[in-house]
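Report on the structure given below.
The values are calculated or read from the model by the stated rules, or taken from the named source; none is laboratory data. None of the values given here were measured: they were computed from a predicted structure. Cβ: placed from backbone, ideal geometry, glycine included. Neighbour counts: every protein chain shown.
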Amino acid sequence: MRVVAITDHDTVNGVKELSSFQDGDMSVVAGVELSTYSESEPQIHLTGYFPKTTDFSSLQSQLGERIRSIRITRCKTILDRLERNGYNIPYEEIEAKTKHCNPSLPIIAECLMQHHYVSTFQEAFTKFLGQDTPYYEPVRFLTLKDGIELIHSYKGVAAVAHPWLCNDPLQVCSEALSYGVDGLECFPPSHREEYGTTQFRDFAHLHNLFCSSGSDFHGINNLEVPIGENVFPEEEVDAFLAVLKKHEVL
């Protein structure tokens with residue numbers, strides 16, 4: 001791999017630890033994936049990529065304990081709904097796994113597997129954690145506008161992550177465009193045809209936005225594709241890297 005991006009959910013603590021990492025010809029991109037929302041969309045993930053000179057301690061203080069509190073409350077809400085239907089996962093099990101990160105859906109999925117309620121991560125999301133299940137609870141942290149402005153305030157570039165998962169993807173893209181977003185994730189890790197990703201690439205090109213992609217790695221038990229093997233056409237890779245270099249992210 002030439003480039004790896006660290007975009008943890010609502011925290012840059014991992015980026016702070018890797019700020020001095022170097023491994024031959026591989027570069028590390030410092031980023032974040034923010035949980036945002038709008039009036040029409042309950043959850044919109046927004047990735048930010050930041051210059052190497054970013055004050056990540058300052059950025060983390062902007063995120064800090066508020067998002068952790070929000071994510072803990074959301075996690076407990078989901079666990080309560082699961083318990084009412086016979087699926088008991090003590091919060092202490094989540095807590096033990098999140099000493100250095102925030103509670104998240106993949107961690108709940110991991111616990112569901114450990115309790116043998118499901119066999120795979122995909123089954124966990126299909127049955128219990130997906131947006132169309134009765135157990136789901138969104139993270140309401142920042143509005144889409146505030147998220148884009150926060151990333152820009154630290155000289156970063158912002159992109160809508162996996163817009164195909166939104167209820168009205170092109171509406172979300174248009175709204176993000178009106179707030180000054182810089183790019184869109186245009187290629188799912190496995191390039192599933194049902195996501196109709198051509199429309200996102202066309203939207204990005206029409207509005208002079210960069211296209212991004214990623215393996216969306218959430219741990220070895222949750223591999224949609226292996227790291228570094230996600231679909232990303234070479235010409236779009238080069239254009240994306242050019243944007244990152246222009247903004248001194250690389």
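Here the strands (runs of 3 or more DSSP E) wholly within the range 1-61 that include at least 3 residues being within 15 Å of residue 249 (Cα to Cα) and small (Gly, Ala, Ser) are 27-37. Checking each residue of the range 134-154 against the condition of being of a type in the set (Gly, Ala, Ser) and touching a residue at least 60 places away in the same chain (Cβ under 8 Å) gives at least one match. I'm trying to understand the selection: among the residues of the range 224-250, which are of a type in the set (Val, Ile, Thr) and modelled with pLDDT of 85 or more? Once the filter is applied, which keeps residues that are of a type in the set (Val, Ile, Thr) and modelled with pLDDT of 85 or more, the range 224-250 yields 237, 243, 249. Of all residues in the range 51-84, those satisfying the criterion of being closer than 28 Å to residue 130 by Cβ and aliphatic (A, V, I, L, M) are 63, 67, 70, 72, 78, 79, 82.
Look at residue 159 and say whether it is modelled with pLDDT of 95 or more, among the small types (Gly, Ala, Ser), more than 14 Å from the chain's Cα centre (by Cα) and surrounded by 14 or more Cβ atoms within 10 Å (Cβ to Cβ). No: the conditions fail for residue 159.
Set side by side, the residues 99, 76 differ, and just one is of a type in the set (D, E, K, R), under 19 Å from residue 8 (Cβ atoms) and surrounded by fewer than 18 Cβ atoms within 10 Å (Cβ to Cβ), which is 99.
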